[in-house]
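The values are calculated or read from the model by the stated rules, or taken from the named source; none is laboratory data. Just so it is clear, the model here is predicted, and its values are computed rather than measured. All Cβ positions, even for glycine, are placed from backbone atoms using ideal geometry, and neighbour counts span all protein chains on display.
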Amino acid sequence: MTANTPTDPAAEETPTTLSAVPESDEGTQLPGAPDPADPETEGPILTPVPDPEESTQAAADLVVVAIDGPAGSGKSSVSKASARKLGFDYQDTGAAYRALAWFALSSGVDPHDSAMVVGLLEGFGYAIGTDPDDYFVRVGETDVSEAIREPRVSAAVSAIARIPEVRHYLVALFRSIIADTDRPGIVVEGRDITTVVAPDAAVRILLTADEEVRMARRSAELSGHSAEAVGEQLASRDRQDSRVVDFLNAAEGVTTIDSTHLDFDQTVSAVVELVRLRTA
Ligand code: CDP
């Protein structure tokens with residue numbers, strides 16, 4: 001199967017508005033996705049991408065905990081720790097956008113060149129560990145778990161994440177990873193999990209914190225980079241990302257947890273208690 005480009009008829013069927021919720025019958029014409037029905041299909045995509053409707057059905061008896069929030073809200077570390085406490089899997093969706101940005105940079109592709117980026121999906125070969133105690137991100141044979149956190153990747157990722165075909169492709173991939181979970185539940189974190197990836201999740205949370213607190217947390221994570229530079233990059237990424245997905249306001253039915261005045265353990269407890277309450 002060859003990669004669709006924006007000139008392909010199939011690509012024209014993809015949503016044109018950036019925050020559009022994919023229709024349930026979309027996703028069968030994914031750019032570069034291996035055909036799950038074809039055992040002969042070869043390709044580096046490690047997780048098969050099924051029909052999104054099928055994956056939603058497969059996930060129906062799972063407890064899905066959807067967590068959205070801006071950069072530096074503590075989403076990733078809180079989600080991972082909550083998954084560990086609950087005995088659930090954990091999926092970091094931002095890692096996929098970051099890994100694709102890393103792949104574009106490594107391939108000499110301009111992240112703003114949508115057609116070229118879409119063309120990369122066929123050979124993306126993305127794999128992520130969903131065990132909270134065995135987290136890794138790979139592109140093909142390369143472990144990119146550390147490399148995708150580099151500032152050059154953070155600076156490129158928003159351009160990648162605004163390409164509708166990329167979002168469409170990755171949303172289906174995220175759903176297939178959810179459906180493949182063999183634990184009782186999965187904590188999935190990102191920007192559009194409560195609204196697009198898993199809008200019918202049993203628990204939907206918006207994790208926020210005041211901007212100064214988020215910047216301070218992120219610069220503490222990235223030692224060796226000036227707090228000012230980290231803050232500027234984070235604010236710029238938030239601005240670009242918020243044009244694509246609204247992750248600063250809770251959608252209907254989504255519970256906001258503001259971690260500004262909570263420490264890490266208190267934030268994890270707030271998430272775990274909410275999950276227990278909702279699933280009791
Ligand atoms: O951890 P941090 O909030 O800094 O970012 P991330 O979760 O690693 O996500 C990296 C980037 O991927 C974001 O800045 C968004 O551009 C994009 N992203 C997205 O568009 N949708 C998601 N569900 C997750 C991430």
So Arg204, is it surrounded by 14 or more Cβ atoms within 10 Å (Cβ to Cβ) and under 18 Å from the mean Cα position of the chain (by Cα): yes
Selection count, region 93-109, where residues are under 13 Å from Ile163 (Cα atoms) and either in a loop (DSSP other than H, G, I, E, B) or away from the ligand (no atom under 16 Å from the Cβ) (or both): 0
Of all residues in region 124-151 being part of a helix (DSSP H, G or I) and at pLDDT 95 or above, the one that is farthest from the chain's Cα centre (by Cα): Ala147
Top-ranked residue of region 169-200 - restricted to ones that are within 10 Å of the ligand (Cβ to nearest atom) and among the aliphatic types (A, V, I, L, M), ranked as surrounded by the most Cβ atoms within 10 Å (Cβ to Cβ): Ile193
Phe88 vs. criteria touching a residue at least 60 places away in the same chain (Cβ under 8 Å) and more than 13 Å from the ligand (Cβ to nearest atom): yes
Exclusive hit being modelled with pLDDT of 95 or more and closer than 23 Å to Phe264 by Cα, set Leu207, Leu222: Leu207
Unique residue being within 11 Å of the ligand (Cβ to nearest atom), modelled with pLDDT of 95 or more and either closer than 28 Å to His261 by Cβ or not in a strand (DSSP E or B) (or both) when the list is Ala66, Ala83: Ala66
Single match in Val268, Val245 (criterion: surrounded by 12 or more Cβ atoms within 10 Å (Cβ to Cβ), modelled with pLDDT under 95 and not small (Gly, Ala, Ser)): Val245
